[in-house]
Amino acid sequence: MPEVTQQDPPCPAWRQMLPRPTQAIDMHIDLSHISPRRLERIAQAESVDAAASMGLLDSLIDKVFRGGAKEAAIRALYAAINRPPDDDGPGGTAQQMQDFQNLRSLMLPEHRERLTLEVVENADETWDYAMRLDGHLLQERKGMQEEAEIAELKHTRNAIAVDDYLCKLQNHSPTAASLVHRSDRFLIEQGKTGDCYALATMMGIMSNPAMQKRIEGMAEITPDHQLRLKFEVRPTAFNIRDIHLQDLNGDLELDQETLATICADDAELAFMRDKGYDLSLENGVLQVDIREDKLQQIIGETRSAHTNSLIVNILEHFSGNLLLRLDKVAEEKAFVQLEKGGAAGSEFTLIGHARERHSGLRSDRDSLIAHKDRAGNYDPLIANLLGYAGGAFSIRPDNVHELALQLKAFDRSERCLASGGANGFVYVGMKYGRPDAHGQIHSQHALLLQQIEYNVEKQPVGVYLQNPWGNRREPEYFSLDDLIGRNVSFAQYHPVDS
């Protein structure tokens, strides 16, 4: 199957000078060779070709030894500086801020702080901004008073502060990742551990272009140098531990917990603080402050998913810690339920089960739990934190005909990844792997529905699925018969505000 690409809307010719997002996966703009004299020339040049003009020797050195890095930097800077004047207004400001951040993210991490955005609030309640490189003015605007424009300035200023903070924690390494991907397309590869259901869910959510800006808006740096994330939580959503522990007769059940009960429990809050997270919940907003040493631990964990969006690693750790149980709390609840139910003799089985699923030993792995050893439902928790509803593998077709009808419904709702991700996504649970000597297929696995293949009669005949083991890989193809043989089931997620 050829790689699925999304059709980009037309854009002005000047913007086409910027490196395309799909071309920027492994590329950064290197400003090492941009001298103050060259910067002045870029600002004064009448065309991009004039700005990029170099002497024969300099051009040869750039092509042979730098791979054209200097010319790429010049062209990108020229495009950022020379925006047409008709791009004013809230829409133009939003695009300017987006392009500024894109340009910044394309730079080598060690150079990003050289490109600055100065934002000033004036006494008359208007706002000014100036973009500078090494102090040299690239672009400015004064007297802004539209609320939408000011909101864009504040958002960009804050996003840059978060990016610089995280980049510094990563020692400005060439591979330093931002909170969310910017010019690069979203990349993920499941690490040595991790929950495929949670990672598939995040892969679907991050395919939605609107999520990039939304997640940026959730983050800020506190005065005491912690990363603060604010999640809007729907109080009626299932958003915490999947606690359904029953005795041998199936008539005992521990209470489910919500984020509200966690944030009202001093023991749980102390547990989370010990893990590096300070929690508070007020007016439906969960505030999570993450210590600097905790962030460094998350960044340095080699068994995490490999991604260019640190929010994935942060949620991978945070949700796992949130799903851990304090053994003492589990024991107390178990005994209370046992006393009420009078189920003498089963207490050790129940408590043992609680410890097995929520053992403190997992904290040694810092909540990075393989999908074969899940401690709870990570996927609905993460989806709720990021503003998505749905979940649960409730769609289980019994035959090829039912499967074909369901696939058509997914396509109509535009929830295949190939549709762009704005309306949500479908993730797939099924037996995965090759049959053994006895024809058995083992290991449940979660993948995402990328695209549906149709025959000439416009009937579904197969699907392409994206694996969280690495979305750089080509999607994997499965026929409808193969899916039924693997006991396929589906879950849908969609943005709450869509």
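The slack in the chain from Val64 to Arg214, taken as 0.36 nm per residue of separation less the alpha-carbon distance, amounts to 49.9 nm. Extension gain, Arg273-Asp482: 0.36 nm per intervening residue step, less the Cα-Cα distance, totals 70.6 nm. Note on Gln297 and Val456: with the Förster distance fixed at 51 Å, the Cβ-Cβ geometry gives a FRET efficiency of about 0.40.
Surface composition of segment 381-498: carbon plus sulfur atoms hold 48% of the accessible area, using a 1.4 angstrom probe and ignoring ligands, DNA and RNA. Here the spin labels are modelled as points 7 Å beyond Cα on the Cα-Cβ line, and at His225 and Ala151 they lie 3.4 nm apart.
Database remark: amide H of Met107 closer than 5 angstrom to the amide H of Ile29 (H placed geometrically; neighbours at sequence offset of 5 or more, or on other chains; Pro and chain starts carry no H). For segment 454-498 versus segment 127-149, the spacing of their alpha-carbon centroids is 46 Å.
Here segment 123-221 has 47 percent of its accessible surface on carbon and sulfur atoms, given a 1.4 Å probe and all protein chains in place. A 1.4 Å probe run over the protein chains yields, for segment 100-224, 41 Å² of accessible area per residue, whole-number rounding. Quick one: net charge around Glu147, please, counting Lys, Arg +1 and Asp, Glu -1 for every other residue with C-beta under 14 Å from its C-beta. Combined, the nearby Lys, Arg, Asp and Glu give -4.
The values are calculated or read from the model by the stated rules, or taken from the named source; none is laboratory data. A quick note: this is a predicted structure, and the numbers were derived from the prediction, not measured. Cβ atoms come from the backbone with ideal geometry, glycine included; neighbour counts cover every protein chain shown. Just the protein is used for accessible areas: all its heavy atoms, side chains included, with ligands, DNA and RNA removed. Shrake-Rupley method; radii C 1.70, N 1.55, O 1.52, S 1.80 Å.
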